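Q: Would you mind keeping the following structure in view while I ask a few things?
The values are calculated or read from the model by the stated rules, or taken from the named source; none is laboratory data. These numbers were taken from a predicted model, which means no experiment stands behind them. Quick reminder, even Gly has a Cβ in these numbers, built from the backbone with ideal geometry, and neighbours come from all protein chains shown. Note: areas computed on protein heavy atoms with side chains; ligands, DNA, RNA excluded. Shrake-Rupley method; radii C 1.70, N 1.55, O 1.52, S 1.80 Å.
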Amino acid sequence: MSSSRSERGLLLVVSSPSGAGKTTLCNRLRREFENLEFSVSYTTRAPRGGERHGVDYYFVSPGDFDEMIARDELAEYALVHGNSYGTSARRVHEALDRGRDLLFDIDFQGGRQLRRKLPDDVVLVFVLPPSLVELERRLRARATDALEVIERRLRVAREEIRHYSEYDYVIVNDDLDRAYEALRAVYVAERQRTRRQRGAAEAVVSGQGSLLMGAADEGAQEGR
Ligand code: ADP
Ligand code: 5GP
């Protein structure tokens, strides 16, 4: 679905423990809505097989990352699983000003910082697996990680999922189609918030572009 708007964009943050299905859900949302762009983060971790610089992440050295922090160039940043991750502040503000929506795959620390800085622009969605047993099954079935990595991710997941209550929306990803419909509904509804439709609403209210109103105005003038 496409749209071009003059309204300010929104920041859709989707967090989940690894393996809950966040990437699958987010990719589907991006395919459907072309006004929604993925926010490519900066990270100090090494690229995994198939990951591309500038597409999946901007891969930078710890020194470069620290300089970005010192220059106040990051809208949020955090240490996750021993590596630094952060979001470009310039990118966020450009998207908001141009009326483009941004989709973030960041953790709860990042979601919290964005919420604090831009409370009117941020929408926080937490994706939960139906159970920790199912999470483990998905991580194993995905077969992208070594056994010890899967075990570490499961340990971290137990901590991460406790933060669901800081989020605006929670989606349990049991059935993929149902979970996707829920994520889609959140995004569509958030776009319709009054503060995000102000320009469109004011154009209607002020009668711009209405032939009938124009004619009525002329009629009123003729009658004078
Ligand atoms: P994340 O980005 O949260 O780490 P992924 O999107 O990579 O998770 O999903 C992890 C694995 O689970 C993938 O193999 C994906 O195909 C699978 N998966 C995602 N959602 C579901 C679901 N609702 N039911 C079963 N498998 C799922
Ligand atoms: P991965 O290394 O598996 O791609 O990501 C590890 C974790 O870092 C995930 O939970 C992901 O959401 C989070 N993450 C990715 N980019 C950012 C970012 O820019 N900021 C924060 N705070 N977390 C991020």
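Q: Give the residue list of trypsin sites (Lys or Arg not before Pro) in region 156-198 that are DSSP loop and have at most 14 other beta-carbon atoms within 10 angstrom.
A: Sites meeting the loop and neighbour criteria: Arg193.
Q: Would you report the distance distribution of C-alpha pairs in region 11-204 as whole percents per 5 angstrom bin, up to the bin with the largest distance?
A: 1, 7, 15, 19, 20, 18, 11, 5, 2, 1, 0, 0
Q: Here's a follow-up. Less than 13 Å Cβ to Cβ from Leu176, Lys/Arg counted +1 and Asp/Glu -1: what total charge do the surrounding residues give?
A: Cβ neighbours under 13 Å give a net charge of 0.
Q: Mind listing the long-range amide H neighbours of Tyr57? Cut-off is under 5 Å, sequence gap 5 or more, other chains count too, H placed in the peptide plane at 1.01 Å from N.
A: For Tyr57, the qualifying residues are Arg52.
Q: If you roll a 1.4 angstrom probe over the protein chains with everything in place, what fraction of the accessible area of the chain belongs to carbon and sulfur, to the nearest %?
A: It is 50 percent, rounded to a whole number.
Q: Would you compute the Debye intensity of region 1-79 from its alpha-carbon atoms alone, equal scatterers and no solvent, and pass along log10 I(q)/I(0) at q = 0.27 Å⁻¹ to two decimals?
A: Here log10 of I(q) over I(0) equals -1.35.
Q: Something else: For Val172, which sequence-distant residues (separation of 5 or more, or a different chain) have an amide H within less than 5 Å of its own amide H, given hydrogens modelled in the peptide plane?
A: Leu128
Q: Give me the percent of DSSP beta bridges within region 11-204 that run antiparallel, rounded to the nearest 5.
A: Roughly 30 percent of the DSSP beta bridges within region 11-204 come out antiparallel.
Q: Lys and Arg at +1, Asp and Glu at -1: add these up for the other residues within a Cβ distance under 14 Å of Ala141 and post the number.
A: Around Ala141, the charge tally is +2.
Q: Express the accessible area of the chain per residue in Å², computed with a 1.4 Å probe while the remaining protein chains stay in the model.
A: 56
Q: Please list, in chain and number order, the residues 5+ apart from Ser16 or on another chain whose amide H is under 5 Å from its amide H, with Hs placed from the backbone.
A: Placed amide hydrogens put Val127 under 5 Å from Ser16.
Q: When only alpha-carbon atoms are used, what values of Rg and Dmax, in angstrom, describe region 38-125?
A: Answer for region 38-125, Rg first and Dmax second: 12.7, 37 Å.
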